[in-house]
1. How many of the residues in the stretch A:40-61 are within 14 Å of another protein chain (Cβ to nearest Cβ) and surrounded by fewer than 21 Cβ atoms within 10 Å (Cβ to Cβ)?
2. Out of the stretch B:286-332, which residues are closer than 26 Å to B:Gly237 by Cα, charged (D, E, K, R) and more than 13 Å from every other protein chain (Cβ to nearest Cβ)?
3. Checking B:Cys302 against (1) out of contact with any Gly (no Cβ under 7 Å at 6 or more places or on another chain); (2) surrounded by 23 or more Cβ atoms within 10 Å (Cβ to Cβ); (3) not in a strand (DSSP E or B), only one condition comes out false. Which one?
4. Can you name the number of the only condition in (1) crowded, with 17+ Cβ neighbours inside 10 Å; (2) closer than 16 Å to B:Gly381 by Cβ that B:Pro115 fails?
5. Are any residues in the stretch B:260-282 in a helix (DSSP H, G or I), surrounded by fewer than 24 Cβ atoms within 10 Å (Cβ to Cβ) and touching a strand residue (DSSP E or B) at 6+ places or on another chain (Cβ under 9 Å), and if so, which ones?
6. Looking at the stretch A:166-177, I want the residues that are touching a residue at least 60 places away in the same chain (Cβ under 8 Å) and have a partner that is in a helix (DSSP H, G or I) and of a type outside the set (Gly, Ala, Ser) with Cβ atoms under 9 Å, at least 6 apart or on another chain. Which pairs are those?
7. Do we have B:Tyr84 as assigned to a helix (DSSP H, G or I) and not β-branched (Val, Ile, Thr) here?
8. Going by what's in this entry, would B:Ala606 be described as among the aliphatic types (A, V, I, L, M) and over 22 Å from B:Met457 (Cα atoms)?
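The values are calculated or read from the model by the stated rules, or taken from the named source; none is laboratory data. All values derive from a computational prediction rather than experimental measurement. When we count neighbours, we look across all protein chains shown, and the Cβ atoms used for this are built from the backbone with ideal geometry, even at glycine.
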Amino acid sequence: MPRRVVRSERTADGGSQPDDLDLHQIAVIVEEGDAHGNLIALLQRTQSELGYVPEPAVDEIARLTGVPASRIYGIITFYAQFSTVPSGRHKIFVCHGTACHVAGATRITEAFEQELDVPDGKSTPDMEFSLDSVACMGACSQAPVMRIDAETYGNLSADHTRKVIRELVKELGLEAQYPGVSGAGSPRGGGDA
Amino acid sequence: MPEPTGAPSAGVKVAVSAARDGKRRVSVCAGTACVFAGSMKVRDAFIAEVEAVGLRDEVEVVIIGCHGLCSQGPLAVVSDGDTYYPRLKVKDVKRIVEEHLAGGAVVEKLLYVDPASGARVACAHDIPFYSQQTRIALRDVGVIDPEHIDEYLERGGYEAARKALTTMQPDEIVEEVLASGLRGRGGAGFPTGTKWKFARSSPGDVKYIICNGDEGDPGAFMDASIMDGDPHAVIEGMVIASYAIGAHEGFIYVRAEYPLAVRRLRLAIAAALEHGFLGVDVFGSGWDFTLKIKEGAGAFVCGEETALIASIMGQRGMPRKRPPFPAVSGLWGKPTNINNVETFASVPWIIAHGAAAYAAIGSDTCKGTKAFSLAGKVVNGGLAEVPMGSTLRYVIFDVGGGVKDGREFKAVQLGGPSGGCVPASLLDTPVDYESLAATGAIMGSGGMVVADDTTCMVDLARYFLQFTQNESCGKCVPCRLGTKRMLEILERITKGQGREGDIATLELLASTIKKTSLCGLGQTAPNPVLTTIRYFRDEYEAHITEHRCPAASCDALIAYTIDAEACTGCTLCAKKCPVDAVRGDKKQPHAIDQELCIRCDSCRAACKFNAVNVVSGPDDIAAAVAAQRTA
């Protein structure tokens, strides 16, 4: 039977797991899926519904499918797509493909690390932003590129990135939490279009 | 400009835009790079402006897959004369709609400017980047609207599959593919026909075919462009293969990072099912074939066929020892044939035009064409397909337009993390599996990243090792630990902490890892290091013995300084500096505080007077810093 698990645990990132995780969702996902050869698809759906794959969800999938939790955990940690901790409300992905690397992607990541005080691969303590590097987004001719939520940016420089951060922080009304990034912004997003 | 070499001998030229139902058409590129540059806003603007001038019934605005010249995005092609409008901004759209679509006059000012001649070019076909290509795998990419099967059908789509399934015997198809000389476009170059023959002759009632769409090389986007720009070409190739091999079930394994390809393939599969090109009794031939999509979950090693098979079965994507080869025992222990996206996309053309037509293109050992994604410091970044045997020079200079910003060509990186860097002295190497392997690089899947004199080759090698080290699945020791040790040495070198003997240690580790790793990932991981040592040993030595980065790129070995002679004291760099490291009064030469500088490049990028210098090497740095102070 689906259970509701109440949890309030601080994660390593300082963010919290949802207090109230509805495991009924997991039961629906497992029922609709086919566990045979489809464990990855089940986990992908879980991740897309919950934003990450929390430990209780792993236990629940194990219980419903009969696949040992250790095996499920093995898959989660093998593939880069899965995460066992929640990510920030705003997800920043900086491309580090070859073309972006030679065009200075490191400086783009550094700009975020400095301005938002968040290490690559982690979230800010208030869970507003998470910063991740990705291998290649396939937009090599616009390198270096990044994505913040659904918005894409190309032909970046460190300076342009800082402007984007300032504008974003302002737009979200987070100037008080991020005093280091105050300043006037410039237009966001989509090149100049 | 060098003389064009290895020019297209035959095959199809780039086709641009198809007008339908007598309607005029605006095709807006929705390839990944154009989307990043804002093409969806341009598309929306076209729809709104066309509506505003009352042309909705006459002009249709469609999206197309990657048009090819990504560095000119966002771009659109108007069907009247295939007029090409590059680098569009939303504000340009109103003008094109009013002056061109409504007024009938091409908007000269917005046309493409040929960097070589400086002339404006109206028609897409006349742009050298396109006219120098020979497109087979990419024949419909950037031409058709990938979300509508009718457009594929109008260009002869599924005729090859119909011909194969209704008029040919499976053995005939295998022979045809063998005769075409087609070799695996995933990089290894194994003859496709031979692979099919193995799978066909493997005993067993249940067989599978898999399309490997796990294009993981950073800097490569050909397969993505085919999957999201012409998904039916892949499906049609798979239908033909399924019948030739005797597999009733197929899978397309798509990389997790390609959501657009997944969406377009899903739409395409549904449409093909509806038309009876997939499913039960395909083309009324009695042949059944079902096709499913499997989404990867982000693991580079899954491009290796045994790892990919494990991943489809829902397991950790770890490679296993071969034999048995997948053709004998693959997915769920059944005979399985795996080909790459570009390979499958080439098959319908071969069946439609005949093996001889395909074999007429290319070199002695490598037939047909190869698609490349051109990126890095190249003028025309984008998607290019050329005959096998064309030289690297032809691809990079004739098609690619040479090096950006007039800088000097240093190397081209081929084949991503498994490949290598080929220097300027080898630019006349023909593009074929054997010739490229002889340079120490590989053909690979088709990523070509151009490096100029500001790219540090040691850092590039470090970058790839970091990638492979991170992606090593950990199953075998040489790959798991060997790449880690190599990475540590490379990190030290780029930080100026290299030691005598480091190069020899790298070479020793590399040769051990190559010889003893289980799968292709480990066996090829040292290639970027070995080729850079082979062709750019002096750069390694400069880092190790002189603590100098010749490309002035490695952060730990460089300094930003301001040339007092050139500085006008405009204060722009000081305003841009995020850490207030630039000091100086208005209209007085400025100086950069070396303690505070974080080497973010913002000052250099902002300076209009070329007054910010990047220097490397202790002596040069000391001199440049001292010169700053005395100013």
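1. Of the stretch A:40-61, the ones within 14 Å of another protein chain (Cβ to nearest Cβ) are A:40-48, A:52-53, A:61.
With surrounded by fewer than 21 Cβ atoms within 10 Å (Cβ to Cβ) added as a condition, the list becomes A:41, A:45, A:47-48, A:52.
Number satisfying all stated conditions: 5.
2. B:Asp288, B:Glu304, B:Glu305
3. Of everything listed in (1) out of contact with any Gly (no Cβ under 7 Å at 6 or more places or on another chain); (2) surrounded by 23 or more Cβ atoms within 10 Å (Cβ to Cβ); (3) not in a strand (DSSP E or B), B:Cys302 misses just condition (1).
4. The failed condition is (1).
5. The initial filter retains those residues of the stretch B:260-282 that are in a helix (DSSP H, G or I), namely B:260-274.
Then drop every residue that is not surrounded by fewer than 24 Cβ atoms within 10 Å (Cβ to Cβ), which leaves B:260, B:262-264, B:266-267, B:269-271, B:273-274.
If the condition is that a residue be in a helix (DSSP H, G or I), surrounded by fewer than 24 Cβ atoms within 10 Å (Cβ to Cβ) and touching a strand residue (DSSP E or B) at 6+ places or on another chain (Cβ under 9 Å), then B:Val262, B:Arg266, B:Ile269, B:Leu273 are the ones that fit.
6. Correct list of pairs: A:Leu168/A:Val181.
7. Working: assigned to a helix (DSSP H, G or I): no; not β-branched (Val, Ile, Thr): yes.
When the stated conditions are applied, B:Tyr84 does not pass them.
8. Details: among the aliphatic types (A, V, I, L, M): yes; over 22 Å from B:Met457 (Cα atoms): yes.
Against the criterion (among the aliphatic types (A, V, I, L, M) and over 22 Å from B:Met457 (Cα atoms)), B:Ala606 qualifies.
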